[in-house]
Amino acid sequence: MQGYIININSVKDEDLIVTILTESNLYTTYRFYGARHSIIHVGFKIDFELETNLKSSIPRLKDVIQIGYPWIQDAQKLYSWQRFIKLFYPHLKDVEEIEEFYFNLLDTLAHKMVKQNPKRAIIENYVQLCEHEGRLHTEYECLLCEEIIENDISLVRSFLPTHAKCSYSKRFSINKIKELFEEKSSLQLSDEEVEYLWDILLQGL
Ligand SMILES: [Zn+2]
């Protein structure tokens, strides 16, 4: 089957605990050290098999083949991708059965990143995630004072809307945020604004 590696922990010797997001599950797997094994990293998409063993509660990860991205040699794209995908681990780790949505979202993103700036593609993708989870606030009500936001808006963690004057943070024109939330487009945002939203995103999904 195929999945995305969203977390890797080293255990004794050079063995690894590898968490993999597939279409329908989040698997915690054990990978024994092997000199002939291909190197794996967080963010890689892999094809793999699991071997279950009565002696261990964790299935063994085997027959791993990396599925490359066209942009895998682009250090900036790979780095942004890995930072984003790592956030899925704390977000999903207590869930076992996963909706197909998450796997498909990452598939779509990997494809979009062929042509698009990685941070813009990720921010747009993240807005889709928030919408799917029912926490994209398109009523534009301020988290802090609960009044409607008419002009200057500022986003805080999880892209929650606030008045810029209430959260004392960077102000955005509301039309730009509406376009991001409703059209899933970052086109109107400047590079500097994208960087700001990127830093918010890194605080956690
Ligand atoms: Zn307010």
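Looking only at region 43-56, decide whether some residue is touching a Gly at 6+ places or on another chain (Cβ under 9 Å), open to solvent by 20 Å² or more (accessible area, probe 1.4 Å) and among the hydroxyl-bearing types (Ser, Thr, Tyr). No, the conditions are met nowhere in region 43-56.
Report yes if some residue within region 95-118 is surrounded by fewer than 18 Cβ atoms within 10 Å (Cβ to Cβ), of a type in the set (Lys, Arg) and in contact with a helix residue (DSSP H, G or I) (Cβ under 7 Å, 6 or more places away or on another chain); otherwise report no. There is at least one residue in region 95-118 that is surrounded by fewer than 18 Cβ atoms within 10 Å (Cβ to Cβ), of a type in the set (Lys, Arg) and in contact with a helix residue (DSSP H, G or I) (Cβ under 7 Å, 6 or more places away or on another chain).
For region 147-170, state whether one or more residues are touching a residue at least 12 places away in the same chain (Cβ under 8 Å), small (Gly, Ala, Ser) and part of a loop (DSSP other than H, G, I, E, B). Break it down stepwise before answering.
Taking region 147-170 first, the residues touching a residue at least 12 places away in the same chain (Cβ under 8 Å) are 147, 149-167, 169-170.
Next cut, small (Gly, Ala, Ser) only: 154, 158, 164, 167, 169.
Adding the requirement that they be part of a loop (DSSP other than H, G, I, E, B) leaves 169.
The answer is yes; a qualifying residue exists.
With away from the ligand (no atom under 16 Å from the Cβ), surrounded by 13 or more Cβ atoms within 10 Å (Cβ to Cβ) and of a type outside the set (Lys, Arg) as the only criterion, which of 192, 131, 182 stands out? On inspection, the qualifying residue turns out to be 131.
Taken together, 43, 3 contain a single residue that is in a strand (DSSP E or B) and either closer than 19 Å to residue 90 by Cβ or of a type in the set (A, V, I, L, M, F, W, C) (or both), which is 3. Taking region 180-205 as the range and being free of Cβ contacts under 8 Å to residues at least 12 places away in the same chain and more than 20 Å from residue 85 (Cα to Cα) as the test, the residues that pass are 183, 187, 190, 191, 192.
Residues considered: 36, 31. Of these, the only one that is surrounded by 12 or more Cβ atoms within 10 Å (Cβ to Cβ) and at pLDDT below 95 is 31.
Within region 165-176, the set of residues being among the small types (Gly, Ala, Ser) and within 9 Å of the ligand (Cβ to nearest atom) comprises 167 only.
Taking first residues from region 47-73 that are under 30 Å from residue 114 (Cβ atoms) and in a loop (DSSP other than H, G, I, E, B) and partners that are among the β-branched types (Val, Ile, Thr) and modelled with pLDDT of 95 or more, the Cβ contacts under 7 Å between residues at least 6 apart in sequence or on separate chains come to 70/114; 71/114.
Once region 140-165 is narrowed to residues that are out of contact with any strand residue (DSSP E or B) (no Cβ under 8 Å at 6 or more places or on another chain) and under 22 Å from residue 202 (Cα atoms), the residue that is surrounded by the fewest Cβ atoms within 10 Å (Cβ to Cβ) is 157.
The values are calculated or read from the model by the stated rules, or taken from the named source; none is laboratory data. Predicted, not measured: the structure shown is a model, and the values here were computed from it. Glycine also receives a Cβ, built like all others from the backbone with ideal geometry; neighbour counts cover every protein chain displayed. These area figures cover heavy atoms from the full protein model, side chains too; ligands, DNA and RNA do not enter into them. Shrake-Rupley method; radii C 1.70, N 1.55, O 1.52, S 1.80 Å.
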